Amino acid sequence: MKRRKIILKILLAGLLAAGLLPCLGLWLAPVLLCVSDPAQKADVIVLLGGEDGSRVEQAAALFKDGWAPHVIVSGEHEMYIRQLIQSGVPEAAIWVDAAAHSTAQNAEFSIRLMRGHGCKSALIVTSWWHTRRARNCFRHFAPDLTFYTQPTHQSPAAARSWGSSRSKILKEYPKNLWYWLRYGIYPF
């Protein structure tokens, strides 16, 4: 009987921990996953593919405000190019990396484009919960270049909600761990 109670307590503690970990992950996401640098003049804006149009809006706003003279569209490109042009970014100012299918490839291929054009600095535009991994990837593959993150305008406080971005936020933790194991990119 005593052994059964111990096993039951361990099971209950495990279930409680499993239920609290996602809540803790959402609550800590603005601190652990988001890095936002003050806007700096740069040679190029790197717009990472994925998510919704908020990344395009952020990149277009940065371009129109004069923070960089060019935009690299990395990954999903056709829709993003159309949206950038509709937002007032000239087609000649848009450079395309259509081959990237991951954050690591975004970094590798965008850095190759940057080097080809003599760029030394970039503003990385991505979702706020993706900023730390994105910046760490770019810095890992090009420590000699300068990268600043410019997250989308969605509030990090939304991380604490159980809205549509919840699963994307929670998936970012194992992705950070995988990038550490796979590429040696320290997650923090």
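The values are calculated or read from the model by the stated rules, or taken from the named source; none is laboratory data. In this text the structure is predicted, and so the values were computed from the model without any measurement. Quick reminder, even Gly has a Cβ in these numbers, built from the backbone with ideal geometry, and neighbours come from all protein chains shown.
Restricting attention to the range 103-119, the residues that are part of a loop (DSSP other than H, G, I, E, B) and exposed (fewer than 14 other Cβ atoms within 10 Å of the Cβ) add up to 2. Counting the residues of the range 85-102 that are at pLDDT below 95, crowded, with 20+ Cβ neighbours inside 10 Å and hydrophobic (A, V, I, L, M, F, W, C) gives 1. When Tyr148, Tyr80 are checked against the criterion of being at pLDDT below 95 and of a type outside the set (A, V, I, L, M, F, W, C), a single residue qualifies: Tyr80. Count of the range 62-102 residues, restricted to those that are over 16 Å from the mean Cα position of the chain (by Cα) and either assigned to a loop (DSSP other than H, G, I, E, B) or without any contact (Cβ under 8 Å) to a residue 24 or more places away in the chain (or both), is 21.
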